[in-house]
């Protein structure tokens, strides 16, 4: 009896030892520093505000009201499910949209400062998804990644540090490792890894020509882009460096310490390069926000030391301990009712596993694995995470909007001049904002509902008495050496005013 007990005790000790060893291996790789989660939360708040106020608010009337390019009637005809689910589609007036923008901005501020974090995250998630559903042509991969970050943020202690509702600071273990942290890191790494697979399936990327071709898509190129477009050797090098970086992206969850820091720094530099040369909205900065999660405690220790060294100069704590607000409200109820706590944990685990399965199917379908694909409209293809893969577009594009006067004369409604299908001096300037560029890019997939709504808007806003409007999409084929042949004009709609 005694020997049997010692045997069971020995097996138990071995199991505990194995679990401890596994935890020691997994935690540095799939755990996240609480301060990294705090920086991630702050970055999400800033990104939501920048996206809302910097990109979308200036186009509120043009893109989100019945007076714009996609009134609710056209939305319902093109995307019936979105029209019924979007809160922004409950009314077509500007003041309703402005009110929803204000609520979303307030929630983003609460997320940024860490006040009522879960509620702020949930409200931000719902309103951002609703905004995307109101005009799906304005959604790209960066937007869907931001949505996924907000969703997964509901399961993470984003307010554990550097927040109004933060718990007391601790000098102990700063890293949390859970199913939620593992899901977030695996999800983010998979975005890069799948992109790497797509690059290897691409003739353009494997020939070293893809980046050169992209920099001839002038509607995307801004900032330092026109200068870089003339540096063919640098573009070829960038092609292979980006492929190589994506190839080793899986080591984001394998490496620890300095190798991981170096890999994160390389990706951050690449995304800053994209932001400095291409019109991609908040996408590069969304990816940088995700990369913050991979920085190990040693980095955050240095930041903490630097911040605390400034506290005497500021005369107060820069990261104040406001108190254990996390323990106010529902927390005592959960602690006193273990069954509720266990049910919530089980539900959270089931949701996270379901998310991983969905994302796995999405990625498998993206790289060509025979898997059931999500039913996604072709116009939402840019909302995937392929990013110029497997092949970049083979044509630079712009629009010509011809207005017919009562006299029969045709004028360019954009600049008031004669109709010309020649390549403009700067295709990027044909789109006044990033949002207009995104709309124009996605309009290539659109049906008659979208074009009719756009033509109606032109008729109503023109200072000329137009009889009809014709919208042309003009494509200029390009390859790695530049434009090929003449522009090709395709009339998409003729609409009577």
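Quick notes on this one:
- Ranked by how many other Cβ atoms sit within 10 Å of their own Cβ, fewest first, the residues 437, 450, 23 fall in the order 23, 437, 450.
- Order of 243, 26 - criterion: other Cβ atoms within 10 Å of each residue's Cβ, fewest first: 26, 243
- Hypothetical label at residue 407: residues of segment 462-493 whose amide nitrogen lies under 20 Å (7 Å Cα-Cβ projection): 462-470
- Divided by 2.2 N^0.38 Å, where N counts the residues, the Cα radius of gyration of segment 395-496 comes to 1.08.
- Taking other C-beta atoms within 10 Å as the exposure proxy, 199, 27 rank 27, 199 from fewest upward.
- Modelled this way, with points 7 Å down the Cα-to-C-beta line, the labels at residue 55 and residue 90 are 2.5 nm from one another.
- Distance from the Cα centroid of segment 77-156 to that of segment 197-249 is 33 Å (rounded to whole angstrom).
- Gain upon complete extension [residue 106, residue 357; 0.36 nm per residue less C-alpha separation]: 87.1 nm
- Fraction of alpha-carbon pairs over 19 Å apart in segment 135-211 - percent: 59
The numbers here are math on the coordinates, done by the rules we state, and not lab data. Note that the structure is predicted; figures quoted are calculated from it, not measured. Using ideal geometry, Cβ is built from the backbone for each residue, glycine included, and neighbour counts are taken over all protein chains shown.
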